[in-house]
Ligand code: C2E
Ligand code: MG
Ligand code: MG
Ligand code: MG
């Protein structure tokens with residue numbers, strides 16, 4: 001009876017795996033179609049200076065609304081594309097859209113910086129830098145106003161190709177950001193190796209600082225460490241005024257989160273920015 005049960009369990013899990021593979025194969029081809037047909041869009045979440053309270057830039061975030069399945073989580077879309085070695089098609093789609101939209105903000109606010117999420121896998125792709133250069137040149141977008149946020153889904157600190165790519169990006173004048181710091185593979189070694197201009201402290205630590213002493217201690221120490229390395233500290237997932245106040249006391253430079261704004265269309269973001277003469 002045990003053997004029969006084991007057999008049945010095996011069969012069920014095997015069917016699930018088969019289903020999953022079919023689902024993933026189909027979703028990848030649907031993603032390709034969606035990208036071609038502009039079923040995929042980009043939302044922008046403001047990055048706010050904690051010293052001035054002004055929006056200093058925005059992060060571009062992928063948005064896919066499937067005609068029958070509805071909204072699909074961007075993290076899932078990215079994981080799917082990564083598994084098939086196709087994350088570059090997302091990166092460059094978002095980059096193109098983001099640069100067109102960010103131009104509108106940049107025209108009025110010359111300090112405006114656009115942040116794009118890239119995958120660690122992009123950094124291993126030989127064609128990544130040349131394609132990036134080509135797109136930026138085609139848009140005539142100032143490189144100094146572009147930030148690439150890197151999430152390490154796998155440890156990359158000892159990868160030579162990755163280090164070379166990051167150095168090339170730095171030489172181009174692009175800014176690099178360590179995303180989701182504190183989670184996953186983001187070790188101290190990683191922080192030391194990445195020539196980043198900013199480090200974003202993961203939401204899972206930031207959201208607790210008003211209520212949890214340990215989170216407050218961790219975030220405080222993270223900010224000090226980021227500063228001692230000469231980098232800018234950015235807090236993610238800021239949802240309350242109290243968290244803003246604490247981050248300001250801790251010397252955190254910038255923040256992002258629902259307290260300021262959800263990710264929105266560029267029109268809505270521009271409406272939130274000061275009118276008239278640009279304030280630095
Ligand atoms: P991320 O880069 O860390 O982006 C921040 C995520 O936190 C976004 O989720 C954003 O909507 C959400 N968020 C912002 N403020 C708050 C808040 O106050 N509270 C809460 N609960 N959440 C907040 P989203 O858009 O679902 O994206 C999830 C992840 O998917 C991103 O995390 C990023 O790693 C990835 N992703 C999104 N777009 C792209 C893309 O174009 N390329 C790549 N490679 N990855 C992307
Ligand atoms: Mg990000
Ligand atoms: Mg991320
Ligand atoms: Mg993040």
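Just so you know, all these numbers are worked out from the coordinates, no wet-lab data involved. No experiment lies behind these values; they were computed from the predicted model shown. Positions of Cβ are generated from backbone atoms using ideal geometry, with glycine treated the same way; all protein chains shown enter the neighbour counts.
Rounded to whole Å, give me the distance from the Cα center of segment 211-245 to that of segment 102-142. Here the two parts' Cα centres lie 27 Å apart. Take the Cβ atoms of residue 138 and residue 268, set R0 to 22 Å, and the FRET efficiency comes out at 0.25. Kindly express, to the nearest 10 degrees and within the range 0 to 90, the angle between helix 160-172's C-alpha long axis and the longest C-alpha principal axis of the chain. It is inclined by approximately 30 degrees. Sorting the segments 75-87, 197-209 by their residues' average number of neighbouring beta-carbon atoms within 10 angstrom, most packed first, yields 197-209, 75-87. Angle of helix 213-228 to the longest C-alpha principal axis of the chain, folded into 0 to 90 degrees and rounded to 10: 70°.
Per-residue ellipticity at 222 nm, computed for the chain from helices alone with -39500 (n - 2.57) per DSSP H run of at least four residues, works out to -15500 deg cm²/dmol. Compared with the dominant principal axis of the Cα atoms in the chain, helix 87-108 is inclined by about 20°.
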